[in-house]
Structure formats: structure tokens, C-alpha cells
Amino acid sequence: MEKTERRPADPTAMAPLIRGLYLHTGRYPWVLMQSPPGETQIPSEALILDIAPARYDSHSVDTEYAAKILQDAYTAWEFDRAPAGVEAASRTERSKKVPSCVVVKEADAVLGMYWIDRDFDTVKARMESKNDALLTETPPPPRLGFNAAHRAEVVKNKIVLVTGGAQGIGEIIVRSLAASGALVFIADRNLEGAQTLAVDINAKEKRTAGIPLAVNVADEASVEALFKTLVTTAGGLDICISNAGVLKAGSVLYQSLQDFTFVTDINYTGFFLIAKHAGLLFREQHRTAPHWKTDLIQINSKSGLKGSNKNGAYAGGKFGGIGLIQSFALELVDYNIKVNAICPGNFFDGPLWSDPEKGLFVQYLRSGKVPGARHIADVKAYYEAKVPMKRGCTGPDVMRAIYYIIEQEYETGQAVPVTGGQVMLH
């Protein structure tokens, strides 16, 4: 019989399982970082995991079985290091010591070395110095109540991905999350803009709070590479905010197929691709963190709740996005993944409307769309008057909705309007 070639498993596949185990045992959003390939010196305090029994074939590993091997290895590590055997292993006090390094092997070959700590900068320093000192894990006390004034704390220390995060409402979301204590991956086609934003945020927060990544959400290879980089950088994810979107208005009678497809590819297909790969990552974490809730949030639009004249490509994609939200919510709830949408009204102060050269206010003034308007202020006043609250949507309005939907553990499949009363649920 021909001998099967044995290939090492992709070491990134183990990162979400390892992080999930720490999420489960500590109820804390740990950051996990993988050593560069070639590290073979095993730290004395490391948890060692042999995944050879979980091998499917020469190409892949059964991650469900690997999760069981990891859990059993962790239990054995904990028991072996208990100072008084079974009695100590069954102690009831909250704090305990846990390994800060996990080494994944296949027989005698080291496949990957993973370091764990409370935040990005600390775990990076631990990995670089090979500091395998044990961690003290103290799970937070159960939350008996919730003070809405501190709602933003629901993202503190969590790992968040924001697509389309380099400008517009995406930038507002990124800045707000970073200010609330999250580690934010800023994913955008405009990598230079994401890099500039990350430098600014990190300087203001005095820590690594933003990490820039390039992505084209309409290209599955690009999305897959994005999530692989995210896993190798931080070990996993807690919240995915699919914000990337484009708008090209046009009459159904005259809009080109090229423009219609461009809008649909980003707004509809792009959300599907982000949801697919975020869901796969969340599911892997769930294998070892069954009680840890994760969030997939689409930044939709009021145009996803009500048709938009001569803007069918945009509204159609957003309507379709809510259909995906509801369908994905039913499927992914089995993995403790909440799936919801936020539907903002018009951002009159954002570049889409207020850009002095290409903004909608300028376009509508030039085209005479608003009867009697002589200045941009007249056009703005006309559209503000359509909103019962007499103003456009703002970044803080959207952030309150995001924090709410993350904090609300008993809701999924919803499209939350943030429209000032312009569009109401029925």
C-alpha cells in the first residue's frame, strides 16, 4: 500500500480552540498570539498538546476532536500542578493559576506555540521575552444588574473587527470602540487610511488599540486572508461589525448593470462573505467556549426598511441584508452567535451628504431636486424637515445602538432602526 505523505496541520486552526478554552475557563476576552514558525524550545510551564490523534488525513485535522484533546490536556495540566492533588484540584476559590503558553505538537514535531495574556501589548511582550510565568485567572463576578450609563463597557478588552473602518461612519465606530477599551481591527480597501487612523488611535489611547488590515469584502480570497491574519495576530474574535458599503444611485431605467453589480457585490455579497468567515471562526471558538457569546452586526440602513427612489441597487442590497440577518441568526444561534443589524438614518454631516464637491447636498442643489433651494443650507433644511426629530443621524446615535445590541444577550435576528422616527417598525 502506498504510504500517505504526512503534512503538518495549519497551526492557525488551533488558535481559536485555545483562545476558546481560556474564554470558557476565565470568562475574560484573552488575547492569544502565535510565535513565528521555527520555535522549538518548549517552555517549562507550557501546556503541551499532541494533536496527532485528531488527524483526519494528511491534510487536515478534526477540530472537534482536537478541542476534546485540548480540554483533556488542560484538565490534566491543572491536576498535575495542584499543590495537594485531588483536594486542591477541586478547590472552590475563584482565582487559579493557568499556563501562559500552549505548545501544539504532532508526535515530536512542534507545530505551533501560542502565548496568552490580557491585552495585545502584554502578550506581545510575553511572546518576545519567552516569559512562561503562569497567569492568575480570576473570572469576573456574575452580573446581577446593568447600569445603562456604563453600557460602553460591554466591549472593554474585547477583540472587534470593523470592515470599512477607515473613514465615514466606520471611522466613528472604530474610534468609539477603541475609546471604550476594545482592540479593533480596522479592515478597509483603503489600507493607507486604516494605517493612518490606527497610528492616531494608538497614540491617543497610549496602547495598541487599532490594527489596520487590507480587505476587499467582495473577494472571498481577500476575506479569508483577513480572518487568517486576524487569528494569527490576536487568536480570535468577539465582535464582527460588517460596515463596508457603497452607494451609486440611479434610475432603474438608466442605471448600468456595472454600477448595479458594484453596489450589490459590496453591500450584499460582501456581507455574506464576512458573515461566512466570521461564523466559521466563531464556531471554532464555540467548540471550547460553549457559553461565550459572540456578535455579528451589520450596519444596514433605513433604506433596508423602506424603499429608496432611484436608489434601488442600494435599497435592494440592504433589504436583502436583513433577510440574511434573519436567516443567519436562526442558523448560528446553535453556536451562541447573535446576528443583528443596525439601520441608521441619513448622516447629513458625513461626506456622502456634505462633501463640498461630490456630496448629495451639492448634487441635489445643482440638479434642482429641492424646489426653491438656493443654497446648500436650504437643501439640508429640506431633508432635516423630513425627520420627526429634525436632524440627521450621528455617530453617537449608532454607537448607543451597537452597545445595546451587544449587551442585550436575549435578542438575535433584529434590525434596529436609528432614524429619528423617520422609519418605524411595524
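Quick notes
- Taken over the stretch 397-426, residues that are under 16 Å from residue 346 (Cα atoms) and free of Cβ contacts under 8 Å to residues at least 24 places away in the same chain amount to 1.
- If you go through the stretch 103-115 and keep only what is touching a helix residue (DSSP H, G or I) at 6+ places or on another chain (Cβ under 6 Å) and in contact (Cβ under 8 Å) with a residue 60 or more places away in the chain, you end up with 104, 106, 111, 112, 114, 115.
- Taking the criterion of being modelled with pLDDT under 75 and among the charged types (D, E, K, R), the only residue of the stretch 138-167 that qualifies is 143.
- When 252, 215 are screened for being more than 27 Å from residue 179 (Cα to Cα) and hydrophobic (A, V, I, L, M, F, W, C), only 252 passes.
- Among the residues of the stretch 196-236, those identified as in contact with a Lys or Arg (Cβ under 7 Å, 6 or more places away or on another chain) and within 20 Å of residue 124 (Cα to Cα) are 201, 235, 236.
- The condition of being at pLDDT 90 or above, of a type outside the set (Phe, Trp, Tyr), assigned to a helix (DSSP H, G or I) and not assigned by TED's automatic domain parsing to the domain that holds residue 296 does not hold for residue 401.
- Given (1) outside the structural domain of residue 173 (by TED's automatic domain parsing); (2) outside any helix (DSSP H, G or I), number of the condition residue 339 does not satisfy: (1)
- Residue in the stretch 185-193 that is surrounded by fewer than 16 Cβ atoms within 10 Å (Cβ to Cβ) and at pLDDT 95 or above present: yes
- For residue 232, the requirement of being closer than 30 Å to residue 18 by Cβ and crowded, with 24+ Cβ neighbours inside 10 Å is not met.
- Within the stretch 235-255, if we keep just the residues that are of a type in the set (Ser, Thr, Tyr) and in contact with a helix residue (DSSP H, G or I) (Cβ under 9 Å, 6 or more places away or on another chain), the residue that is surrounded by the fewest Cβ atoms within 10 Å (Cβ to Cβ) turns out to be 251.
The values are calculated or read from the model by the stated rules, or taken from the named source; none is laboratory data. Keep in mind that what you see is a predicted model, and the values were worked out from it rather than measured. For neighbour counting, all protein chains shown are included, and Cβ atoms are generated from backbone atoms with ideal geometry for every residue, glycine included.
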